[in-house]
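Asks: Please read through the structure below; I'll follow up with questions.
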Amino acid sequence: MEKREFNIAVVGATGAVGREMMAILEQRDFPVAKLRAMASHRSQGKTFEFAGETIEVEDLEKADFSGVDYALFSAGSEVSRQHASRAVESGAVVIDNTSAFRMDPQTPLVVPEVNPEAMDDHQGIIANPNCSTIQMVVALKPLAENFGIERVVVSTYQSASGAGQSGVTELLEGVRAKGAGEQEPTPSTFAHPLAFEALPHIDVFDDSGYTREELKMIRETRKILDDSRLDISATCVRVPVVRCHSEAVTVDLDEPVDADKIRALWRRSPGVEVLDEPENATYPLSRPAEGTDPCWVGRIRRDLGRPQTLHFWVVSDNLRKGAALNTIQIAESLAEDHR
């Protein structure tokens, strides 16, 4: 039987995540019949190489989605709100990498290793979770299934690339200026200069004192794990790392922690790789994790005073598993089942 191929549109193709999506489609040999790249009118006419062909960027405002099977959106929430419905009306399934539809009760919020069954009920749009949420829930799901979770507390250490290319540029310019003894450029992406600093401020604060990024992690985790009463709190911090997010996670389980048992569980869990030899200074780090697919876990230990409390460290590439790869994995699942 001949393998079916699919027409794919990447919306936001000129951005960091859009470029990563196209690279992963090629790397994983996704059955692409035709790839279309779409972006704002400013990028119209730019070209990309894909599978030996030259792809020219289309103006999204004028683009016709007819014939598109899967439309992969990563061009900002407002763009998704404006154009995703057009793609659905033309017969495409939209996989959206923005926050536009994540908390819509009618829209599945999917991490394929965690809740693939949620895709069965899609109404034309499937949402990709926030990057910091994805890597945490990949690690939490096996714990929830095997031990039960009472509470989660997470502190994130998120890279500059989570704010887009402007964040990376601002960080690198600040590092260069500091190293040269020059005045740092006035920040525009971050609230303060990020070079040699840690900023406990990602997105805007609301009246609760939490940032929108922190509230995303709380609400999205509850939805993905299908536990609206899950006790969870987050503190999200931007750090001067170019790529890959790190998280320190504390979990209260329903039974005493056996660290060796948990390591063994994670070693056989999809999407997780264990790197946990602290005596040899071996644990997940951002630079080695860059360009890789797993969620790397280490520093796995039981709390000294609370036997049911587990602490661990998880690192993942925010542009791959935290965004583009998760999107492609959703498309692969749909393609396999011809949903």
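The values are calculated or read from the model by the stated rules, or taken from the named source; none is laboratory data. Predicted model only: the values in this text are computed from it and were never measured. For neighbour counting, all protein chains shown are included, and Cβ atoms are generated from backbone atoms with ideal geometry for every residue, glycine included. Protein only, heavy atoms only, side chains kept; ligands, DNA and RNA dropped before computing areas. Shrake-Rupley method; radii C 1.70, N 1.55, O 1.52, S 1.80 Å.
Asks: Could you give every pair whose Cβ atoms fall below 8 Å, whose first residue belongs to segment 148-174 and is farther than 14 Å from His192 by Cα, and whose second residue is buried (at least 16 other Cβ atoms within 10 Å of the Cβ) and at pLDDT below 95, counting only separations of at least 6 or pairs across chains?
Replies: So the pair list comes out as Ser161/Ala16; Gly164/Gly15; Gly164/Ala16; Gln165/Gly15; Gln165/Ala16.
Asks: Which condition breaks for Phe196 when tested against (1) part of a loop (DSSP other than H, G, I, E, B); (2) exposed (fewer than 15 other Cβ atoms within 10 Å of the Cβ); (3) without any contact (Cβ under 8 Å) to a residue 24 or more places away in the chain?
Replies: Only one criterion in (1) part of a loop (DSSP other than H, G, I, E, B); (2) exposed (fewer than 15 other Cβ atoms within 10 Å of the Cβ); (3) without any contact (Cβ under 8 Å) to a residue 24 or more places away in the chain is unmet by Phe196, namely (3).
Asks: Where the second residue is open to solvent by less than 40 Å² (accessible area, probe 1.4 Å) and modelled with pLDDT under 95 and the first is under 26 Å from Leu171 (Cβ atoms) and lies in segment 217-240, which pairs have Cβ atoms under 6 Å and are six or more apart or on separate chains?
Replies: Within 6 Å, no pair qualifies.
Asks: Considering only segment 304-337, state which residues are assigned to a loop (DSSP other than H, G, I, E, B), more than 9 Å from the chain's Cα centre (by Cα) and among the charged types (D, E, K, R). I'd like the intermediate steps shown before the answer.
Replies: The first filter runs over segment 304-337 and keeps only residues assigned to a loop (DSSP other than H, G, I, E, B), leaving 304-308, 317-319.
Then drop every residue that is not more than 9 Å from the chain's Cα centre (by Cα), which leaves 304-308.
Once the filter is applied, which keeps residues that are assigned to a loop (DSSP other than H, G, I, E, B), more than 9 Å from the chain's Cα centre (by Cα) and among the charged types (D, E, K, R), segment 304-337 yields only Arg306.
Asks: Ok, one more. Are there any pairs with C-beta distances below 7 angstrom linking a residue in segment 251-265 that is on the phi < 0 side of the Ramachandran plot and part of a strand (DSSP E or B) to a residue that is modelled with pLDDT of 95 or more and open to solvent by 20 Å² or more (accessible area, probe 1.4 Å), with the two at least 6 apart or on different chains, and if so which?
Replies: Listed pairs, sorted by first residue: Val251/Ile149; Asp252/Glu150; Asp252/Arg151; Asp252/Gln308; Leu253/Phe147; Leu253/Ile149; Leu253/Glu150; Leu253/Gln308.
Asks: Name the residues in segment 294-303 that are surrounded by fewer than 18 Cβ atoms within 10 Å (Cβ to Cβ) and either in a strand (DSSP E or B) or within 17 Å of the chain's Cα centre (by Cα) (or both), would you? Please lay out each step first, then the result.
Replies: Within segment 294-303, the first condition is being surrounded by fewer than 18 Cβ atoms within 10 Å (Cβ to Cβ), and the residues that meet it are 299, 301-303.
Within segment 294-303, Arg299, Arg301, Arg302 qualify.
Asks: Further question: Open to solvent by 30 Å² or more (accessible area, probe 1.4 Å) and within 26 Å of the chain's Cα centre (by Cα): is that true of Thr54 in this structure?
Replies: Details: open to solvent by 30 Å² or more (accessible area, probe 1.4 Å): yes; within 26 Å of the chain's Cα centre (by Cα): no.
No: the conditions fail for Thr54.
Asks: Of the residues Arg176, Arg222, Arg151, only one is open to solvent by 60 Å² or more (accessible area, probe 1.4 Å), of a type in the set (D, E, K, R), assigned to a strand (DSSP E or B) and at pLDDT 95 or above; which? Steps first, please.
Replies: Working: Arg176 fails: assigned to a strand (DSSP E or B); Arg222 fails: assigned to a strand (DSSP E or B).
Checking each option against the conditions leaves just Arg151.
Asks: Can you run down the residue pairs with Cβ atoms below 6 Å, 6 or more apart or on separate chains, where the first is in segment 1-24 and within 12 Å of Leu60 (Cβ to Cβ) and the partner is aromatic (Phe, Trp, Tyr) and open to solvent by less than 10 Å² (accessible area, probe 1.4 Å)?
Replies: From segment 1-24, the pairs are Val11/Phe73.
Asks: Same structure, new question: Filter segment 123-137 for residues that are touching a strand residue (DSSP E or B) at 6+ places or on another chain (Cβ under 8 Å) and either buried (at least 20 other Cβ atoms within 10 Å of the Cβ) or of a type in the set (D, E, K, R) (or both) and give the result.
Replies: Step one: list which residues in segment 123-137 are touching a strand residue (DSSP E or B) at 6+ places or on another chain (Cβ under 8 Å), which gives 124-129, 131-132, 134-136.
Across segment 123-137, the qualifying residues are Ile125, Ile126, Ala127, Asn128, Pro129, Cys131, Ser132, Ile134, Gln135, Met136.
Asks: Pick from segment 41-78 the residues that are in contact with a Gly (Cβ under 9 Å, 6 or more places away or on another chain) and hydroxyl-bearing (Ser, Thr, Tyr): which of them is nearest to Gln165 (Cα to Cα)?
Replies: Ser74
Asks: Next question, about the same structure. Only one of (1) open to solvent by 50 Å² or more (accessible area, probe 1.4 Å); (2) in contact with a Ser or Thr (Cβ under 9 Å, 6 or more places away or on another chain); (3) farther than 30 Å from Ile149 by Cβ; (4) not basic (Lys, Arg) fails for Gly164. Which number is that?
Replies: Unmet for Gly164, out of (1) open to solvent by 50 Å² or more (accessible area, probe 1.4 Å); (2) in contact with a Ser or Thr (Cβ under 9 Å, 6 or more places away or on another chain); (3) farther than 30 Å from Ile149 by Cβ; (4) not basic (Lys, Arg): (1).
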